[in-house]
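Data block below; observations after.
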Amino acid sequence: MTKNIKWLLLASLTLVACNDDDNTINEEPVSAGTADFSKYVALGDSFAAGFSDGALFKTAQTTSYPSILTGQFEAAGGGVMTIPYMNDDFGGLLLGGNPIPGQGVRLYFGKPEGADFDEPLRVPGASTTEVTTKLTGTFSNLGVPGARCIDLVKAGWGNPSPGAIVSKISSPYYARFASSSSSTVMADALTQQPTFFSLWIGGNDALGYALAGGDTAFGQLTPSAGESAIGFDASYDELINSLTANGRKGVIANLPYITNLPQFTYLKPSFVDTFKYYTDGDEKKKTRVVSAGDVATINQINSIVGFLDQVLTAYGQPNRFAVLSSATGAVNPVLIKDETLTDFSLQITGAAQASGNATLMALASHLGETFGKARQTTQGDLIPLISSEVIGKLTTNTLQPGVPDNLKAYGITYPLEDRHVLIPTEITEINNQIDAYNVKIEAVATAKGLAFVNAKNILKSMSEGGVSESGYTLTTEFVLGGMFSLDGIHPTPRGYAYIANRFIDAINAKYGSTLKKVNIGTYRVLFPRAL
C-alpha cells in the first residue's frame, strides 16, 4: 500500500521552483512564421486548466501548459492570457457555502501523526471558491476540469443553478466564468475572435470509465460514432470546424493510454503486505493491523481460502485462489470480483453446507454469494491508486448475520468490487477506444493542416525508460518520476513545462515559427504544503 513505501529526495524535488528570470532555452531570433499568436485561446479539460495534485488551485493555474505557451508566444506578437482563477491554493469548490462532494482540496507530501513514512495528504484548510460568485469578463484559458469532448459544445453546461450542478447537468468550474447560463465553451472562445487556438480534449471520455473500474454504473466510455449528443467524432468535428473557420490556425493533441498513467500502474496486483481491518473512528481511520507475521490470523483466513480453492478446483477452476503467505516481507494477491467468471455461488454454498465444518456451515450462504465470481489478482489486472483507500476497509454491503469483521476487509477477505479494479478485458476495451479517438484526432490534424502533438507516443516513451530535456529526465514513476503529480493523472509544473515544449515543437514544425522552449528544470516538481 502507498503508506508503506519509502520516499526519497522529496525535499529537493519540492523546493525546485519556477524562476521567471531563466525559463527559456534557445537563442535564435523569435518569429511567428505563418501563425498569428496575437489572440490565443486554449480549449480543453483539466490539463489545459492546470489541474495538479488532485485539485485546481491558483498557483497551479499559472503553470498550466497554455499559460507557459502564452509566455513564449509573447516574443512572437502574442498577447496576455486571461485565466478564471480560483480564490486560493486549497482547491475544491463551494456551492451555497457547502463543499461540493468529489472536489477535494489539493494534496501535498507529508507525514501523518505517528506514521513512519511520508505519503500524499490533503492540505489543511478549506476552499473559499464559491461557484455562485460569478467571474466577469472573458477568459482565454477555457480549460474546464472534467470536460468531455461533447461538453465543450453543449449549451447550458455553464448553468450556475444549484439544481443543474448537483445533478451534473452543468460544470461547477465552467459555471463560474461562462458568459451566460446557456452559452458553450466553444462559443465563449469564438466571441473573442481568436487568431490561434490549442485543443487537447478526450481524456475524460475514457478516464471516468477507467476510474470506475469499467463499471458502467459509475462511469461511461464515450462512443466514437453516434448522435452528436454522445458521439466523440461528431463533437470533435463540430469543435474543429468552428475553430478553423476562415483559415484559423492551431495545435491539437491526441491521448495517451491509461496504462501510461501512474494512477493505474503504481499499485501492483500482488502488493498486500499488511492486513488492515478498519473500525469506526475518527478521520485518522484507527485500524487493527494484522501483519504477515501474524500466523494465527492468516491461518484462519487460509482455512477459508483453502476450502474455496478445493471446491473450485473440483469444478475445473484451479487458479482462482491460493493460500496467503505468512513469511516475513511476503506480499499477497488482492481479492477481487470478476464479472467475466462463471458463477459458482450455488456450488460453493452447497459444498459448505455439506462440509461438516461448523464454521463453513454457518457461513455457507455468505461464502457462496461473496466468492461465486471472485478470484485473486494476476499480473494482467490494474488497481487504480484511488482503490488503495478502500483496500482493508470493512465493506458496507449488507451481509448475512454473524459474518465476522475479519471476513469483511476489502481486497483481503472480501472481494474488491467491479468499480475498484480493471481486469484485462476492460483495459483492452478502454485502450481500443482511445485508439479510435486518436484516429479521429490525427485525421483531423491532417485534413485541416493543424500542428499535431503525439501525446500518446510521448507518454509511451516516458514510461519505457524516460525522456530527457534541459538536463533532467522525466519518467511516469509515481512521485519520483517528475512528470506526474500526486494524483497520478495530472502533470507537475515540470511536466506541464515539458508538454508546453512539445506543443512548441509541433507549432514550429508546422508553421515555420521559431518559438523558444522553456527550461523545464526551472519548474518545480512538487508543491509544498504551504503556498
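The values are calculated or read from the model by the stated rules, or taken from the named source; none is laboratory data. Note that the coordinates shown come from a computational prediction; the quantities given were computed from them, not determined experimentally. Cβ: placed from backbone, ideal geometry, glycine included. Neighbour counts: every protein chain shown. Just the protein is used for accessible areas: all its heavy atoms, side chains included, with ligands, DNA and RNA removed. Shrake-Rupley method; radii C 1.70, N 1.55, O 1.52, S 1.80 Å.
Observations, loosely collected:
- Rg over Rh, two decimals, segment 36-173 (C-alpha only, Kirkwood Rh): 1.02
- Ranking 137, 195, 149 by Cα position along the charge dipole of segment 123-226, where only Lys, Arg, Asp and Glu carry charges on their C-beta atoms, puts 137 farthest toward the positive end.
- Each of the peptides 54-62, 486-494 was scored by the mean count of other Cβ atoms within 10 Å over its residues; in descending order, highest first, they stand as 486-494, 54-62.
- An ellipsoid equivalent to segment 375-468, defined through the eigenvalues of its Cα gyration tensor, has semi-axes of 41, 15, 11 Å when rounded to whole angstrom and sorted largest first.
- The charge dipole of the chain, taken about its Cα centre with unit charges on the Cβ of Lys, Arg, Asp and Glu (plus for the first two, minus for the last two), comes to roughly 320 debye.
- The phi torsions of segment 29-41, fed into the Karplus equation with coefficients 6.51, -1.76 and 1.60 and a -60° offset, translate into couplings of x, 9, 9, 7, x, 8, 8, 10, 9, 4, 9, 9, 10 Hz, rounded to whole numbers, with Gly and Pro shown as x.
- For the chain, the pair-distance distribution built from all alpha carbon pairs, in bins 20 Å wide starting at 0, is 21, 51, 24, 4, 0 percent.
- Simple label model, 7 Å out from Cα along Cβ direction - residue 74 to residue 514, nm: 2.1
- Amide H contacts under 5 Å for residue 159: 171, restricted to partners 5 or more places along the chain or on a different chain, H placed in the peptide plane at 1.01 Å from N.
- Above-threshold pairs, the threshold being 32 Å between Cα atoms, out of 111/268; 448/517; 440/517; 39/154; 58/517; 134/448: 134/448
- The label point for residue 246 and the one for residue 167, both projected 7 Å from the Cα toward the Cβ, are 3.7 nm apart.
- Simple rule: put +1 on each Lys or Arg Cβ and -1 on each Asp or Glu Cβ in the chain, find the dipole, and look at 438, 476, 117; the Cα lying farthest toward the positive end is 117.
- Cα→Cβ-extended label distance, 7 Å offset, between residue 220 and residue 442, nm: 2.9
- HN-Hα J in Hz across segment 44-61 - Karplus 6.51, -1.76, 1.60, θ = phi - 60°, x for Gly and Pro: x, 10, 5, 5, 5, 6, x, 3, 7, 6, x, 7, 9, 9, 4, 5, 5, 4
- Phi angles across segment 77-92 convert, under the Karplus curve 6.51 cos²θ - 1.76 cosθ + 1.60 with θ = phi - 60°, into 3J(HN,Hα) values of x, x, x, 8, 9, 9, 10, x, 5, 5, 6, 8, 9, 8, x, x Hz, Gly and Pro given as x.
- Amide H to amide H distances under 5 Å link residue 344 with 373, where only residues 5 or more positions off or on other chains count and H is placed in the peptide plane.
- For the chain, the share of accessible area belonging to carbon and sulfur comes to 53 percent (1.4 Å probe, ligands and nucleic acids excluded).
- For the chain, the longest principal axis of the Cα atoms and the long axis of helix 493-511 meet at an angle of about 50 degrees.
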